[in-house]
1. Looking at the stretch 399-417, I want the residues that are part of a helix (DSSP H, G or I) and have a partner that is among the β-branched types (Val, Ile, Thr) with Cβ atoms under 8 Å, at least 6 apart or on another chain. Which pairs are those?
2. Restricting to the stretch 432-459, and then to whatever is touching a Phe, Trp or Tyr at 6+ places or on another chain (Cβ under 8 Å) and either among the hydrophobic types (A, V, I, L, M, F, W, C) or within 16 Å of residue 541 (Cβ to Cβ) (or both), can you tell me which residue is surrounded by the fewest Cβ atoms within 10 Å (Cβ to Cβ)?
3. Please determine, by comparing only the residues of the stretch 374-386 that are within 24 Å of the chain's Cα centre (by Cα) and touching a residue at least 40 places away in the same chain (Cβ under 8 Å), which one is most open to solvent (accessible area, probe 1.4 Å).
4. Which of the residues that make up the stretch 405-431 are of a type outside the set (A, V, I, L, M) and open to solvent by 60 Å² or more (accessible area, probe 1.4 Å)?
5. Please go through the stretch 222-264 and pick out each residue that is charged (D, E, K, R), in a helix (DSSP H, G or I) and closer than 19 Å to residue 78 by Cβ.
6. Got a sec? Which of 462, 468 is buried (at least 18 other Cβ atoms within 10 Å of the Cβ) and in a loop (DSSP other than H, G, I, E, B)?
7. Given the conditions (1) among the aliphatic types (A, V, I, L, M); (2) out of contact with any helix residue (DSSP H, G or I) (no Cβ under 9 Å at 6 or more places or on another chain); (3) open to solvent by less than 30 Å² (accessible area, probe 1.4 Å), report the number of the one that residue 313 does not fulfil.
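The values are calculated or read from the model by the stated rules, or taken from the named source; none is laboratory data. The shown structure was predicted, so the numbers you read here are calculated from the model rather than taken from an experiment. Please note: Cβ atoms are built from the backbone with ideal geometry, for glycine as well, and neighbour counts cover all protein chains shown. Remember, those area values only see protein heavy atoms, side chains included, never the ligands or the DNA or RNA. Shrake-Rupley method; radii C 1.70, N 1.55, O 1.52, S 1.80 Å.
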Amino acid sequence: MPNAAIATAHPATADTLALQRLYHWERTEPDRVVLTQPLGAGATRDYTWTQVLDETRRMAAHLKSRGFEPGSRIAILSKNCAHWLMCDFAIWMAGYVSVPLYPTLAAGTIRQILEHSEARLLFVGKLDGWGAMKAGVPPGLPCIATPLAPPNDLPQWESIVASTAPLAGRPVRDGAELATIMYTSGTTGMPKGVMHSFATFAWSLDSARKRISLGSDARMLSYLPLAHVAERTLVEHGLLASSMHVYFAESLETFVADLQRARPTAFFSVPRLWVKFQQGVHAKMPPAKLARLLKIPIVRRVVGKKVLAGLGLDRCTIAAGGAAPMPPELLRWYESLGLPIIEVYGMTENCGVSHATLPGVPRPGTVGRTYEGVQSRVDPASGEIQMKSPGLMLGYYKEPGLSAEALTADGWLHTGDKGELDAEGNLRITGRVKDLFKTSKGKYVAPAPIEDRLVMNGAVEACVVTGANLGQPLGIVMLNAEAAARSQDMLQRRAMEVSLSAHLDAVNARLDPHEQLDCLVVVSEPWTVDNGFITPTFKVKRNRIEEAYGALFERWAGAGAPVVWHQG
């Protein structure tokens, strides 16, 4: 197995592994509808296990017919849809390793991942920006277009499955075998391929289900990228474990209708969407009026149920938030509606399964306690949260050095997050040990490469990219002495503003969507060694910047201007 640097015993039993679960449902519940795919204009298509396995087996047979060596990497570039899952299942059934790509990546990042993983084939699925993305596909790489893909001249999934006999038998994969490589950004901004086996996923899902009930009567709406570990574990492996019903979202514009159609019993989202739901409710009913109604016992339940029904969450019994901290006041607001939200904490390296608050026992400001089988500690020297479990990754693909650095000397995973435990043993996350930060959308941003581009402007002396828990990062720049002097003249300031705005556009055009800066903030106070903003070697002190300006971040981000001038 390539670079299996992190060795952990994986006590997952064979019958919990992905392919074994597929065959179990094919045999025991062939006519059960498990996937509902929107097709546009309100139309949908349902898929039973029989239909899922028929298409999966035919595509697996086609992949095997191409003669790739066992363990070859096959990539998936698509938004969430029924055929995303069928692609993954077919890759596994054929004996290969799946490499999912986020459906919003820039062409350069797509090229980087496909070349680094040595992908032998790419599935191209439902996408909004294929025109710009396809330049990232290496010349000569075979591609197959799945249903709902943008117009293209690629070989079509439907034609292939129609002309290919289904793969016979029940080929399985050992739990220790590499199942997938999930690419995530490192501190340098270069993607790192996190390797997971069939056993790491199976164990992690089993541990999570001991905390959060997920049975065959569950319904979920799949809309967060399946390339992300949270959706991959909860939706894909949750489906395999439980035979629940998975609905897919069609688009951002139809999201409310998609949610109301699915009426999910379990719903996971990032804090930013939970906030948007709240803002939508407040747009229809003033917050003060709603708060008054929710304080009246006799009407509270009726009002809460009505609000949740409008969101499509009236049948939700398991609501969870993660990928970034949930504001305690937001958690209390949902609880007042009758929808307590569980906070979960995890990362790609541990299958997303580390900590969670207990259902019905909210602990605002914390992510609760470890899942069963997970060990966690806070390093007394650095304050870093460290953990280990049988769900840990096998390592970073082709990066034995980074794989070794991911662990402490005694085998615990470095999370890079700082934290502390309360009196009851609940974990509170207090920040990042290093500079890598996470937005409220749950995406990590590596600031250094962006800063390297941002500083390439004649007026900029120094800069910092920051924005943990904001919707998008922002850039803070200090002008050089000449530019600072010119900015005192309003006409020259306006010209400089146009220049900086154009520079911002140029920098953003080269970034992935989650990295793009909301605005540039021009500060008037010089950063010097004397006032503690820079080191004697003229490196900007990121923590000092965030201490000095952190309280203003949200105001700046909400200003609605590409360039914001800060005096003081």
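1. Hits for this filter: 403/6.
2. Step one: filter the stretch 432-459 for residues touching a Phe, Trp or Tyr at 6+ places or on another chain (Cβ under 8 Å), giving 436-438, 444-445, 447.
Of the ones still in play, those that are also either among the hydrophobic types (A, V, I, L, M, F, W, C) or within 16 Å of residue 541 (Cβ to Cβ) (or both) are 436-437, 445, 447.
On the way: 436: 19, 437: 22, 445: 27, 447: 22.
Per the criteria, the residue is 436.
3. 376
4. Correct list: 405, 410, 414, 418, 420, 424, 428, 430.
5. Keep residues of the stretch 222-264 that are charged (D, E, K, R), which gives 231-232, 236, 250, 253, 258, 261, 263.
Applying the additional criterion that residues be in a helix (DSSP H, G or I) yields 231-232, 236, 258, 261.
231, 232, 236, 258 - these are the residues of the stretch 222-264 that are charged (D, E, K, R), in a helix (DSSP H, G or I) and closer than 19 Å to residue 78 by Cβ.
6. Working: 462 fails: in a loop (DSSP other than H, G, I, E, B).
Among 462, 468, only 468 is buried (at least 18 other Cβ atoms within 10 Å of the Cβ) and in a loop (DSSP other than H, G, I, E, B).
7. Residue 313 satisfies all of (1) among the aliphatic types (A, V, I, L, M); (2) out of contact with any helix residue (DSSP H, G or I) (no Cβ under 9 Å at 6 or more places or on another chain); (3) open to solvent by less than 30 Å² (accessible area, probe 1.4 Å) except (2).
Every residue, every condition in (1) in contact with a Lys or Arg (Cβ under 6 Å, 6 or more places away or on another chain); (2) at pLDDT below 95; (3) of a type in the set (D, E, K, R); (4) under 22 Å from residue 243 (Cα atoms), yes or no:
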| site | (1), (2), (3), (4) |
| --- | --- |
| 32 | no, no, yes, yes |
| 57 | no, no, yes, yes |
| 69 | no, no, yes, no |
| 77 | no, no, no, no |
| 81 | yes, no, no, yes |
| 84 | no, no, no, yes |
| 90 | no, no, no, yes |
